[in-house]
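Participant: If you scroll down you'll find the structure; I have some questions about it.
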Amino acid sequence: MMPKPGARNLPNATRSLAAETLAVVVLLALHGTAVAHEQWILTPGQIQEWNAKPLPDLFTSLSPANAIPTLAFLAFLACWVRLGFTGARELFPDLQARLASHGDIVAPILRFCLAWALLSSALGAEPRVGVPAFSAPTLFAPDLLLMLLSPGWAWLRWAEIVISLALLLGIYVRFFAAVLFGLGILGLGLFGAAMLSYVGAAFGACIYLVLQGPGRYFLPLPLPAARLLRPVQAWLASQPRQRAQAILRVLTGATVLYMGISYKALHPNLMLGIIDIYRLPILSSAPETFTLIMMLVEVAAGLLIIAGILLRPLAILLMLAFLFFASLLPESYMGHALFYGVVLSFLFNGAGHWRAPEARDTPADIIIVGGGFSAVGAGMRIERLIGSYTRVNVTLVHDTSNLLFHPLLPEVVGGLMQPGDVVNPIRRILPQCKVIGGRLDGVDAVACEVTIKCRNGNVLTLGYDQLILAPFLQPNLDLAPGAMAHACTIDSVGDALHIRERVVRLIEDAELADDPAERARLLTIAVIGSGQRACATAVEAAALLRTAAPSYPLLNELGWQVWLYEDTNTPYTDFEASIHSRRNRELSKAGIQLGGAERVASVTDRAIILSSGERRPRGLVINAAFKQPAVQMNGREVRWPPGIGGDLGLLGHPNIWIPATGAQEQGRFLTMADLARLGRTAGYNAWARSQGHPTRRHRLRRQLLKPYNMGRRSLCSVGGWIISGTPAWMFSRLTNLAELPGLERNLRILIDWLLDIPFRHDIAVLAPDQTERLQRGHYEVGDEVITEGDVGDTAYIVNAGRLAVLKGDIQVTELSEGDCFGEIALLSGVRRTATVRCVTACDLTMVVRDDFQTLSAGRGALAAAIRRQADDRRAKLADDDHEHSVAGFSVSSQAV
C-alpha cells in the first residue's frame with residue numbers, strides 16, 4: 001500500500017501516542033463532572049446555583065448562532081494547519097533558530113514553575129473565594145483543598161514543601177521529579193476527576209525533568225548510591241531532549257483538550273456564571289457566544305498542541321490568554337505557573353518528537369530543470385513527500401536563483417509593483433533542494449546524465465534517477481531582423497527596470513528636442529508579441545506615461561502613443577480567442593493602438609519596418625515575444641512540446657517527466673494554477689517512480705476563476721462570465737497571489753497593493769547604468785586567462801603584455817600586443833585544449849560570445865573578414881606543424 005504524502009514526517013510512535021491520548025481524553029471528559037476547576041473563583045452556592053440552570057440553546061441545538069462561529073473557526077483552524085505545513089519556516093526563521101539554541105534552559109524553567117506551584121499550594125498562598133490567604137493548604141492548585149481529606153494526609157503539605165525546595169535549588173532533580181510523579185498519581189486517587197485539570201501538564205513536566213535532569217543552575221551534590229545508579233543515569237542522559245518535549249507536549253495538550261470539552265462544551269454554565277458574576281468586559285455583552293468561542297479556542301488549542309503544529313506562535317497566544325484572564329478574575333498572575341513553564345518549553349523547544357525519524361525510503365537522485373512555476377511546484381511537492389529525513393536528493397537547475405512571478409512583471413514597468421516583490425529566492429521556497437545556477441546543455445537519456453553549463457563557465461555532468469524537464473519560455477530574439485540589437489526584452493526584473501528608465505529618458509529627451517517629428521518619434525513606443533505579457537506590457541507602458549504626465553507637461557501638450565504589434569505566428573489559445581474582441585476594447589480604453597494584421601519585418605534603432613514596407617519611427621521597441629527553449633537530448637534537438645503520456649512522462653523514457661499539456665490539450669489557455677498543478681503532478685510521479693509506487697494521470701481542471709492579466713485592464717472569467725475593470729483586476733491579482741509560494745512575499749505584495757489605493761504609480765528610475773558590452777581586463781604575472789578544458793565563451797585581444805600558450809607543461813607559442821586568441825572556440829563551440837598564462841602584466845580586450853557572434857554574423861565586410869580569417873587558420877593548422885593550435889583554440893599574429 002502506498003504511503004500517504006507527508007506521512008513519514010511524523011514518527012509512528014508519536015502518532016500512536018497522540019491518537020491514544022486523544023481517545024482517553026474524550027472518554028474522561030464525557031464521564032467527568034464540572035465541579036472543580038472554578039472552585040477558587042466561585043463559592044459552593046454559586047456553583048450549585050449555576051449548575052442547576054438548564055443549558056443554553058446554543059449548546060444543545062444546532063442553529064446559525066453556533067454553526068457559523070463553528071464553521072468559521074474550523075476554517076481558521078484549517079488555515080493554521082496549512083500554514084504549519086507550508087509557510088511556517090518563513091516566520092522569523094532567525095528568531096526560531098535562536099530560541100531553539102537555548103533549549104537547555106527549559107529544565108530550570110520547569111523546575112521553578114513546579115516549585116512555585118507546589119510551595120504556593122502548600123502555604124495556601126493563592127487567593128480563593130471565601131478562604132483567607134495562607135489558611136488552607138492545597139495540592140497542586142487552589143481548588144484541591146487538603147482540609148477535605150482526613151487528618152492522616154496532612155504530611156502531603158510537607159512533602160510539597162520539600163519537593164519544591166529540592167526542585168528550586170536543583171537537588172537530586174530526577175529523584176524528586178519521580179517522587180512528584182508518584183504524588184500526582186496519589187492525588188488522582190484522592191481527588192479523582194478534580195485532579196485531571198492539572199495532572200497532565202504536571203506529569204509531562206515531571207517526565208521531562210526525569211529524562212533531562214536539572215539543566216542549568218543546580219547544586220551538584222554527590223549521590224550516596226552513585227555506582228548503582230550510574231547505568232540508570234547514563235540511560236536517562238542518552239534520551240534526546242526532543243523526546244522529553246514530545247511527551248510533555250502530548251500530555252499538556254490532553255489537559256487543555258480535556259478542560260475545553262469538560263468545562264466549556266459539556267458544562268458551560270459555570271463559565272456563564274463567571275462572566276455574569278464578575279461582569280467581565282466585552283464578554284458580558286454576549287456571554288453565551290463568547291463561551292462558545294472560548295470552548296472552540298480551548299479545544300482547538302488542545303488539538304494543535306497534541307499535533308504539534310506551529311507551537312511557537314501558539315505558545316505566545318496561550319501566554320497572553322492566561323495573563324488576560326488573570327487580570328480580569330480574582331486570581332494571581334502566578335496561579336497558572338505550571339502552564340507558564342510548559343508554554344515556555346514550547347517557545348524554546350518547539351514540538352519535539354518521540355525519536356528522530358530514520359530515512360527508510362529508496363535512495364534516488366531527482367533533477368529538476370527550470371525555475372518557473374512548474375519546476376518550483378514539482379520541487380515543493382517532492383519536498384512534502386520525502387519529508388525532512390530522506391535519502392532522496394533533489395537538485396534544481398536554473399539560470400537564476402529566483403522564482404520570477406511573470407504575471408506581475410509588467411507592473412514593475414508601470415510602477416505598481418516594487419521590483420523585489422515579483423521575485424522570491426528559490427532556496428527559501430525549497431530549503432531541502434540543492435540549487436545550481438546554470439542552464440541545461442544536454443541530456444543523455446541512455447546514461448541518465450545531464451550536462452549543465454554553470455554561470456561561471458564550468459560544465460557539470462550530473463547523473464539522475466528521475467529527471468523533470470520544465471524549462472520556461474525564453475525571449476524570441478529571432479522574431480525579426482534587428483530585434484536582438486534594438487528591442488528591449490522583458491524577461492527579468494532588470495529588463496522591466498531598464499524599460500522604465502528608457503521611457504523616462506525618452507520623455508526627457510523629447511523635452512529638449514526642437515524638431516516636432518523627433519518629439520513624436522521619442523514619445524512613441526512599440527510592443528511586439530502576443531499573449532498576456534505583451535498586452536500587459538503595453539498597458540503598463542501607457543500607464544507609466546499617463547502617470548508621468550503631471551510631472552512632464554510635454555505629455556499633455558503633445559500626447560504619446562503606445563502600439564501593440566502581435567506576433568502573427570503565435571496562434572490564440574481557446575480562452576484568448578473567446579475574449580479577443582473584449583480584450584481589444586480594454587486595450588483601446590488603456591490608450592493602446594493595435595497594429596492589426598501588420599507584421600513587423602525588421603527593427604532598427606529609430607523605427608520598425610512592417611511587412612508592407614512601411615517605415616514607422618519609434619522611440620522604444622519592446623520585444624515581448626517568447627518561444628519554447630531548445631532541449632538537446634541524445635545529441636538531437638527535441639521539438640517542443642514533446643510527446644508525453646497521460647502521467648506527463650516523456651514517451652519512450654520512463655524516468656523523464658515533462659510538466660506540459662498533451663497533444664489532446666494543445667491550444668488550451670494555461671493559468672498559473674494550471675502550471676503549478678502540472679509541476680506538482682510531475683513531481684509526484686517522479687517521486688513515486690523512484691520509490692516503486694504507481695504514478696498518477698494528470699487532467700487539467702476547469703478553473704472557476706481564469707484571469708487574463710493586463711494590469712488594471714485585466715479580464716477574468718468567473719464561472720464562464722467575463723468581467724473587466726477593477727473587479728477583474730482584483731480577481732486576477734488574488735488568483736495569482738494564491739499560487740505565489742512564500743508567505744513573506746505574499747504579505748509584501750498585499751502591502752504594495754494597499755498602497756496603490758491612495759497613491760499614484762511610481763515613476764522613479766531604479767535601473768543602474770549598463771556597463772559597457774566591450775570589456776577590458778587586467779591580469780598579473782602567472783594569471784591564467786584560459787584554462788585547458790574550459791568551455792570557450794570569450795575571445796581576447798592583447799593590448800599590452802606577453803602571454804604563453806601551454807599544452808600541458810610545454811609552451812607552444814607566445815602572444816604579444818596586437819595578437820588575438822580564443823575566437824575559433826566561439827565559432828565552433830568546442831572546449832579549450834590549451835592554457836594561456838600571463839608572462840608579464842597584461843591588458844586585454846574581451847569580447848563575449850554573443851557580441852562576437854553578432855560581429856561575425858551577416859554579410860558585412862567585418863563579418864566576412866572574421867570568418868575568412870578563421871577558415872584560413874583552420875586550413876593552415878592542418879598543413880603547418882609549426883603553427884600550433886588545437887580544436888577550440890587558435891593563435892595568430894593577426895588581430896581580429
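Participant: Looking only at the stretch 781-832, which residues are under 20 Å from V848 (Cβ atoms), surrounded by fewer than 21 Cβ atoms within 10 Å (Cβ to Cβ) and among the polar types (S, T, N, Q)?
Facilitator: Of everything in the stretch 781-832, those that are under 20 Å from V848 (Cβ atoms), surrounded by fewer than 21 Cβ atoms within 10 Å (Cβ to Cβ) and among the polar types (S, T, N, Q) turn out to be T787, N799, S828.
Participant: Next up: For residues in the stretch 447-458 being surrounded by fewer than 15 Cβ atoms within 10 Å (Cβ to Cβ) and more than 18 Å from R636 (Cβ to Cβ), which is nearest to the chain's Cα centre (by Cα)?
Facilitator: Per the criteria, the residue is R455.
Participant: Considering each of A107, A177, A136 in turn, give the residue that is farther than 25 Å from I207 by Cα, open to solvent by less than 30 Å² (accessible area, probe 1.4 Å), among the small types (G, A, S) and touching a helix residue (DSSP H, G or I) at 6+ places or on another chain (Cβ under 8 Å).
Facilitator: Residue meeting the stated conditions: A136.
Participant: Still on this structure, please answer the following. Could you run through the stretch 349-368 and say how many residues are surrounded by fewer than 24 Cβ atoms within 10 Å (Cβ to Cβ) and either at pLDDT 90 or above or β-branched (V, I, T) (or both)?
Facilitator: Matching residues across the stretch 349-368 total 4.
Participant: Something else: Pull up the stretch 593-614, narrow it to residues that are of a type outside the set (D, E), assigned to a loop (DSSP other than H, G, I, E, B) and under 11 Å from W563 (Cβ atoms), then point me to the one that is least open to solvent (accessible area, probe 1.4 Å). Can you show your working first?
Facilitator: Of the stretch 593-614, the ones of a type outside the set (D, E) are 593-597, 599-604, 606-613.
Still in the running and assigned to a loop (DSSP other than H, G, I, E, B): 595-597, 599, 604, 606, 611-613.
Now drop any that are not under 11 Å from W563 (Cβ atoms), which leaves 595-596.
Numbers: G595: 11, G596: 54 Å².
Checked the stretch 593-614; the qualifying residue least open to solvent (accessible area, probe 1.4 Å) is G595.
Participant: For the stretch 469-500, what are the residues that are among the charged types (D, E, K, R) and out of contact with any Cys (no Cβ under 8 Å at 6 or more places or on another chain)?
Facilitator: Initial filter on the stretch 469-500 (among the charged types (D, E, K, R)): 478, 491, 495, 500.
If the condition is that a residue be among the charged types (D, E, K, R) and out of contact with any Cys (no Cβ under 8 Å at 6 or more places or on another chain), then D478, D491, R500 are the ones that fit.
Participant: A further question follows. If I go through the stretch 664-688 residue by residue, how many of them are open to solvent by 20 Å² or more (accessible area, probe 1.4 Å) and touching a Gly at 6+ places or on another chain (Cβ under 8 Å)?
Facilitator: Looking only at that region, the number is 3.
Quick grid of which residues meet (1) open to solvent by 70 Å² or more (accessible area, probe 1.4 Å); (2) modelled with pLDDT under 80; (3) within 17 Å of Y263 (Cβ to Cβ); (4) in a helix (DSSP H, G or I):
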position	(1), (2), (3), (4)
A23	no, yes, no, yes
H37	no, yes, yes, no
Q46	no, no, yes, yes
P69	no, no, no, yes
L74	yes, no, no, yes
W80	no, no, no, yes
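Participant: Go through (1) open to solvent by less than 20 Å² (accessible area, probe 1.4 Å); (2) free of Cβ contacts under 8 Å to residues at least 24 places away in the same chain; (3) of a type in the set (F, W, Y) and name the single condition Y258 misses.
Facilitator: Failing condition for Y258: (2).
Participant: So, one more: Residues I305, I293: which one is surrounded by fewer than 19 Cβ atoms within 10 Å (Cβ to Cβ) and either over 21 Å from W354 (Cβ atoms) or in contact with a Leu (Cβ under 9 Å, 6 or more places away or on another chain) (or both)?
Facilitator: Within the list I305, I293, the selection yields I293.
Participant: All but one of (1) part of a loop (DSSP other than H, G, I, E, B); (2) at negative phi hold for G352; state the number of the condition that does not hold.
Facilitator: (2) is the only condition that G352 fails.
Participant: If K706 meets every condition in (1) part of a strand (DSSP E or B); (2) under 23 Å from R546 (Cβ atoms) apart from one, which number is that one?
Facilitator: So K706 meets the others, but not (2).
Participant: Now for a different question. Here are the criteria: (1) modelled with pLDDT of 90 or more; (2) assigned to a helix (DSSP H, G or I); (3) of a type outside the set (G, A, S). Tell me which single one V527 does not satisfy.
Facilitator: So V527 meets the others, but not (2).
Participant: Please enumerate the residues belonging to the stretch 202-241 that are hydroxyl-bearing (S, T, Y) and at pLDDT below 85.
Facilitator: Matches in the stretch 202-241: Y217, S238.
Participant: Only one residue in L469, L506 is out of contact with any Asp or Glu (no Cβ under 7 Å at 6 or more places or on another chain) and open to solvent by 10 Å² or more (accessible area, probe 1.4 Å). Which one?
Facilitator: That would be L506, the only listed residue that is out of contact with any Asp or Glu (no Cβ under 7 Å at 6 or more places or on another chain) and open to solvent by 10 Å² or more (accessible area, probe 1.4 Å).
Participant: Any idea which of (1) modelled with pLDDT of 85 or more; (2) open to solvent by less than 50 Å² (accessible area, probe 1.4 Å); (3) over 22 Å from R98 (Cα atoms) is the one F324 doesn't satisfy?
Facilitator: (2)
Participant: Name the pairs whose Cβ atoms lie under 7 Å apart, with the first residue in the stretch 573-590 and farther than 21 Å from Q561 by Cα, the second among the aromatic types (F, W, Y) and open to solvent by 30 Å² or more (accessible area, probe 1.4 Å), and 6 or more positions between them or separate chains?
Facilitator: From the stretch 573-590, the pairs are H580/Y572.
Participant: Going by what's in this entry, would Y708 be described as at negative phi, within 20 Å of the chain's Cα centre (by Cα) and crowded, with 23+ Cβ neighbours inside 10 Å?
Facilitator: Considered against the rule, which asks whether it is at negative phi, within 20 Å of the chain's Cα centre (by Cα) and crowded, with 23+ Cβ neighbours inside 10 Å, Y708 comes out as no.
Participant: Moving to a separate point now. Mind checking whether some residue in the stretch 271-289 is within 21 Å of L55 (Cα to Cα), surrounded by 23 or more Cβ atoms within 10 Å (Cβ to Cβ) and at pLDDT below 90?
Facilitator: yes
Participant: Please identify the pairs in which a residue from the stretch 200-213 that is at positive phi has its Cβ atom under 8 Å from the Cβ atom of a residue that is of a type outside the set (S, T, Y) and buried (at least 22 other Cβ atoms within 10 Å of the Cβ), counting only partners at least 6 apart or on another chain.
Facilitator: The qualifying pairs are G213/A107; G213/V173.
Participant: Okay, moving on. Can we say A630 is crowded, with 19+ Cβ neighbours inside 10 Å and either free of Cβ contacts under 8 Å to residues at least 60 places away in the same chain or touching a Leu at 6+ places or on another chain (Cβ under 8 Å) (or both)?
Facilitator: So A630 does not fit the description; no.
Participant: Assess whether L715 counts as being touching a helix residue (DSSP H, G or I) at 6+ places or on another chain (Cβ under 8 Å), under 23 Å from L409 (Cβ atoms), of a type in the set (A, V, I, L, M, F, W, C) and touching a residue at least 40 places away in the same chain (Cβ under 8 Å).
Facilitator: The answer is yes for L715.
Participant: Test L317 against the stated conditions and say whether it is part of a helix (DSSP H, G or I) and touching a residue at least 40 places away in the same chain (Cβ under 8 Å).
Facilitator: Taking the combined requirement at face value, the residue does not satisfy it.
Participant: Could I ask something else about it? Filter the stretch 683-703 down to the residues that are in a helix (DSSP H, G or I) and either of a type in the set (A, V, I, L, M) or touching a residue at least 40 places away in the same chain (Cβ under 8 Å) (or both) and list them by number.
Facilitator: From the stretch 683-703, those in a helix (DSSP H, G or I) are 683-691; that's our starting set.
The answer is G683, Y684, A686, W687, A688, R689, S690, Q691.
The values are calculated or read from the model by the stated rules, or taken from the named source; none is laboratory data. Everything numeric in this text was worked out from a predicted model, so none of it was measured. Virtual Cβ from ideal backbone geometry, glycine too; neighbours counted across all protein chains shown. In case anyone asks, the SASA skips ligands and DNA or RNA and just uses the protein heavy atoms, side chains included. Shrake-Rupley method; radii C 1.70, N 1.55, O 1.52, S 1.80 Å.
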